[in-house]
Amino acid sequence: MGSGVTSNKDKSLRGDQLRFFNASSLAQDSCSHSELPHITTLRVLKRRLDSVASFMSHSLGVPLVARSVQLARYAGTAGERYVKHADSGPSNPTRTLTLLLYLNPNWDVSTMGGQLRLWPSGEDGSPVEVEPLMDRLVAFSSATLHEVLPSHAPRSALTVWYHSPDPDAFRHSLADRALRPTIEHWRSVPASPFLYLHPDTTSRIFVSVPAYRDLDVHSTLASLFGRASNPTRVFAGVLYQDAPEDAGMHDPTLIESWKGQVRTRTWHARDAQGPVVARSEVATMWEGEEYYMQIDSHMRFGKHWDLRLLDLIRRCPDPARSVLTTYPPNYEPEAETENRATPSDCVARGPVILYVSKLDDNGMPRVSGRVFTLSNPHAIPPPPLSNLLNGVSGSGDPQRDAQRQYGLLPSRLASAGFVFAPSSILNDVPADPTLRHLFFGEETLWSARAWTRGWDLWTWQPAAWPVRSEPFKLDDLVRHRWSRSYRRTWVGDVKDAGGTDGDNGQWSKERTATHAVVKAVLGMPGGSALDEEHALGGVYGLGTVRSMEDFGSWSAVDFARGQVKALGV
Ligand SMILES: O=C(O)CCC(=O)C(=O)O
Ligand SMILES: [Fe+2]
């Protein structure tokens with residue numbers, strides 16, 4: 001297979017040590033036995049680069065073939081560097097596309113240097129710099145001038161060069177087209193290639209789990225801890241709202257290994273007052289963990305979900321004021337396996353876009369989620385893929401950069417069933433315990449409170465994530481069991497007890513009063529008078545950083561008129 005280690009004679013021009021592999025033999029299993037584990041890893045990484053190249057090849061209509069694979073290591077002991085050069089030239093006329101994947105955990109550019117500097121628009125244009133962070137992928141035309149700045153720590157990268165018969169055609173179609181992807185193209189993108197595992201090794205996560213007579217809650221916890229990279233830094237607060245006949249429903253052995261990290265409280269199901277009140281109760285079990293995650297009691301988690309969320313939030317333009325949220329895809333417990341990836345998981349889905357679909361009969365905004373497609377009128381355009389072409393430069397617009405570089409998409413609304421945010425959100429936008437018996441309406445109200453207090457809402461593209469031997473299955477960060485038929489529900493129990501919509505009992509009265517508060521805070525018709533807590537700037541009211549009018553435009557709801565606006569594409 002590959003040749004041995006080589007290096008350049010003139011270390012001042014190029015100070016790295018190199019190992020080359022033939023792109024096809026890498027794919028064909030012709031290496032020595034002792035090398036096999038490394039080759040397997042390389043193969044996984046290379047396939048990841050190949051899928052990016054294949055996307056670009058399709059988008060631009062230019063065939064691209066992987067020729068050579070290079071592992072390069074700058075020892076970092078003597079400021080090793082690589083001076084300005086292009087990867088293609090007379091000796092390499094068909095080299096077209098350079099894809100680089102950095103393999104440097106814990107890279108700190110302020111002490112280690114080692115940036116890749118590129119001149120995407122030629123030597124007269126301004127250069128862009130890319131930090132060689134773990135798992136970061138950079139793509140550029142091989143004709144682009146670039147250099148590696150002096151490295152003061154060991155710095156490794158995998159490079160694959162792709163060749164085409166006509167590199168100029170490739171370059172020009174890159175330049176001509178902003179690469180506005182069609183949905184077919186976009187769906188074939190291996191999600192965010194920029195996921196990197198530069199790990200946050202200290203943050204703890206508090207997970208809020210209100211449970212109503214849910215026999216799935218311990219399996220949810222087992223998945224939560226079992227699939228985390230660092231389960232010892234995960235803590236759960238569980239509120240069981242159970243009836244006496246539910247005794248024995250929760251198998252303690254499922255959470256035995258983590259019981260020191262599970263804080264519990266139990267209410268009689270009869271005393272349940274809906275999810276918002278339950279979330280408010282669970283919040284009292286928080287003990288200062290840095291992050292807050294709000295989930296439902298019937299969820300499953302993807303491998304390394306903790307690291308992945310910590311990574312994602314760090315890449316939001318304002319990580320301290322950002323909320324990651326989504327309506328997760330469904331799971332069926334019957335289909336659960338260790339790997340949990342089903343054939344359909346191999347198809348890249350778009351991100352889920354949340355929007356207010358209607359106001360219901362009680363005037364409560366209903367939130368819906370749709371998988372993004374270009375034809376979906378509720379869609380926010382996907383990140384343009386031009387970032388793949390000329391290095392990952394900052395555009396000066398942090399929102400755009402987040403979108404472009406990391407597959408983050410701004411979200412109009414937050415879902416109640418999945419929120420991940422710095423735990424300061426617990427102080428800033430606490431669950432409102434006065435919202436008794438509220439079900440629909442919670443999400444829009446909480447979103448408005450968070451947004452007007454300056455919190456940004458984000459969702460993400462589902463990522464291709466290497467899972468065991470199946471490198472490119474989509475392993476979702478989180479899944480949710482959408483069917484309610486397997487369990488008692490709070491709404492169902494209330495109805496059985498006579499608390500239906502037409503009922504004149506206490507429950508209906510209280511719920512109507514709650515709806516009036518929701519409407520009042522949101523500035524909708526039919527609201528009640530606002531008390532101090534719910535007034536503008538009050539603990540359960542709107543914030544003053546952004547206006548409700550702007551939230552209306554953002555979420556496409558005319559709250560004052562009580563109308564849902566049509567969303568433009
Ligand atoms: O490692 C890098 O950032 C770039 C390396 C490079 O330019 C090369 O090996 O040709
Ligand atoms: Fe290079």
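The values are calculated or read from the model by the stated rules, or taken from the named source; none is laboratory data. Computed from a predicted structure; not experimentally measured. Neighbour counts run over all protein chains shown; Cβ positions are idealised from the backbone, glycine included. Please note that ligands, DNA and RNA were not included when accessible areas were found on the heavy atoms of the full protein model with its side chains. Shrake-Rupley method; radii C 1.70, N 1.55, O 1.52, S 1.80 Å.
Annotations
- When the trypsin sites (Lys or Arg not before Pro) in the range 478-555 are filtered for DSSP coil states and for at most 12 other beta-carbon atoms within 10 Å of their beta-carbon, the remaining sites are R484.
- Remark: accessible surface ordering of S485, S68 (largest first) is S485, S68, probe radius 1.4 Å.
- Sites E533 and D166 - FRET efficiency at Förster radius 51 Å, r taken between beta-carbons, to 0.05: 0.15
- Which of Y486, Y240, Y102 is most accessible, then next, and so on - probe 1.4 Å: Y486, Y240, Y102
- Prolate/oblate/rounded call for the range 240-336, Cα gyration tensor, a/c under 1.5 rounded: prolate
- FRET efficiency estimate (nearest 0.05) - Cβ-Cβ, E287 to S357, R0 35 angstrom: 0.40
- Computed from point charges on the beta carbon alone (+1 for Lys and Arg, -1 for Asp and Glu), the dipole magnitude for the range 500-564 about its Cα centre is near 120 Debye.
- Qualifying GluC sites (Glu not before Pro) for the range 282-314 [loop in DSSP, other Cβ within 10 Å: at most 14]: E287
- In order through the range 432-441: 3J(HN,Hα) via Karplus (6.51 cos²θ - 1.76 cosθ + 1.60), integer Hz, x for Gly, Pro: 8, x, 7, 7, 6, 6, 8, 10, 6, x
- Simple spin-label estimate for T512 and A560 gives 2.8 nm between the two label positions (7 Å along the Cα-to-Cβ direction from each Cα).
- Accessible area in square angstrom per residue, the range 480-553, 1.4 angstrom probe: 55
- In the range 500-564 the Cα-Cα distances spread across 10 Å bins starting at 0 as 21, 43, 28, 8, 0 percent of all pairs.
- Note on the range 5-177: Cα convex hull, mean projected area over all directions, 10.6 nm².
- Taking the 1.4 Å solvent-accessible surface of the range 5-177 as the whole, the part contributed by carbon and sulfur is 53%.
- Extending 7 Å from Cα along the Cβ direction at D271 and again at S12 yields two label points whose distance is 7.9 nm.
- Additional length obtainable on full extension of the chain from V109 to N22, 0.36 nm per residue less Cα span: 28.2 nm
- Proximal lysines to K9, defined as alpha-carbon separation beneath 30 angstrom and excluding residues fewer than eight positions away on the same chain: K46, K84
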